[in-house]
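What follows is a set of notes on a single structure, which appears directly below.
No lab work stands behind these numbers, since they all come straight from the coordinates. On a predicted model such as this, the values are computed, not experimentally measured, just so you know. Here the Cβ is made from the backbone with ideal geometry for all residues, glycine too, and neighbour counts use every protein chain on show.
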Amino acid sequence: MKAIVQDRYGSADVLELREVAEPTVGPRDVLVRVRAAGVDRGAWHLMAGEPYAVRLGTGLRAPRQPIRGGELAGVVQRVGAEVTGFVPGDEVFGSGSGTFAEYAAVREDRLAPKPAGLTFPEAAAVPVSGVTALQALRDQARLQPGQRVLVIGASGGVGSFAVQVAKAFGGHVTGVCSAGKVDAVRALGADEVIDYAQRDVTDGTQHFDVVLDIGGGRPLRGLRRALAPRGTLVVVGGEGGGRWLGMSRQLGAVLLSPFVRQRLRMLVSVVRTPDLVALTELIDRGTVRPLVDRTFPLAAAPDAVRALVAGTVTGKVVVTL
Ligand SMILES: NC(=O)c1ccc[n+]([C@@H]2O[C@H](COP(=O)([O-])OP(=O)(O)OC[C@H]3O[C@@H](n4cnc5c(N)ncnc54)[C@H](OP(=O)(O)O)[C@@H]3O)[C@@H](O)[C@H]2O)c1
């Protein structure tokens with residue numbers, strides 16, 4: 001099969017389109033004929049091997065799984081002996097490794113039926129970013145109707161879902177992004193949008209019940225200034241957290257939280273079937289719609305990653321097959 005593979009860590013230049021063997025299908029795996037694969041920041045981290053801590057899990061010198069891509073939408077081709085929930089021909093979406101390829105073997109518990117109203121590229125944009133937004137707002141922030149939510153990094157993969165999920169939960173949403181993406185974030189449903197070059201949202205003049213920190217890598221001190229006295233901060237991510245660990249702000253939040261009135265949380269999201277189904281319900285109701293900026297054919301997957309790194313993407317980019 002054709003796949004986008006890498007033999008060493010580095011920039012998008014290390015990615016190559018090659019002919020490789022089809023993946024082996026374990027007893028609980030589903031072999032999916034990939035129709036579209038979302039490109040999220042995780043694909044970049046695994047490609048670059050940064051922060052270096054990533055390599056402890058993926059291979060010190062080179063990635064053990066050479067095929068990139070972490071989410072997909074497609075059609076079930078074959079199922080492992082213990083799979084009960086899917087049969088060949090089912091249209092599915094979910095998360096697994098090696099999705100920039102014609103076929104990917106994905107664990108059954110990381111898949112769900114594709115939302116009927118979405119195209120394959122739209123569905124492929126959902127799993128990682130959508131589930132991350134859902135888990136940040138529902139599980140970590142425990143967002144309640146009427147609460148004021150600040151989404152820092154509202155125009156990106158996670159943020160474009162976070163704005164919509166927060167609105168669906170009844171939040172009053174303020175999004176933060178760059179000037180060129182303000183209209184797009186407003187169109188997602190944000191009540192207010194702030195251009196981060198024009199105003200510092202952490203100057204202490206406004207206070208939010210929930211702050212989702214997805215972009216910009218602001219120090220904890222500043223993020224806490226934007227938080228109500230008993231508000232909840234969820235550090236989801238943001239580049240520039242250090243080349244070695246990359247999680248200094250996340251760990252700082254967790255360590256400080258027991259000593260202050262504000263709740264300071266971090267998130268390590270995991271895609272599982274029930275949360276894909278929960279997102280499908282929001283999608284079916286019309287309250288959440290993936291924002292797909294552009295699609296790229298499989299051979300141009302390196303350009304999709306370059307676009308993400310360049311910051312020219314609003315929402316998500318998706319590789320199509
Ligand atoms: N914790 C987890 O489990 C988990 C899961 C998924 C992702 N993540 C992490 O979350 C982060 C975001 O992922 P993503 O896929 O959403 O990335 P993305 O699509 O690249 O989005 C990044 C967002 O950050 C914004 N941003 C950039 N500079 C900013 C600044 N100075 N101030 C405020 N916002 C700024 C961007 O806005 P503009 O484009 O308008 O500049 C964009 O909205 C990454 O670090 C990723 O690794 C964590």
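With the simple model of a label 7 Å out from the Cα in the direction of the Cβ, Q198 to D284 spans 4.0 nm.
What is the distance in Å between the Cα centroid of segment 120-152 and that of segment 41-90? With segment 120-152 and segment 41-90 each reduced to a Cα centre, they are spaced 22 Å. In the structure shown, the pairs K2/K114; K181/K316; K114/K316 are assessed against 21 Å; a Cα-Cα span above that value is assigned to K2/K114.
Quick check: from the Cα gyration tensor, does segment 129-266 come out rounded (a/c under 1.5), prolate or oblate? In terms of gyration-tensor shape, rounded. In the chain, Rg over Rh equals 0.97, where Rg is the alpha-carbon radius of gyration and Rh the Kirkwood radius from pairwise Cα distances.
Quick check: residue separation of R243 and R261 times 0.36 nm, minus the Cα distance between them. What number comes out in nm?
Contour length minus the Cα-Cα distance gives 3.4 nm.
One chain, two ends: E19 and V75. Fully extended at 0.36 nm per residue, the span grows by 18.1 nm beyond their Cα-Cα distance.
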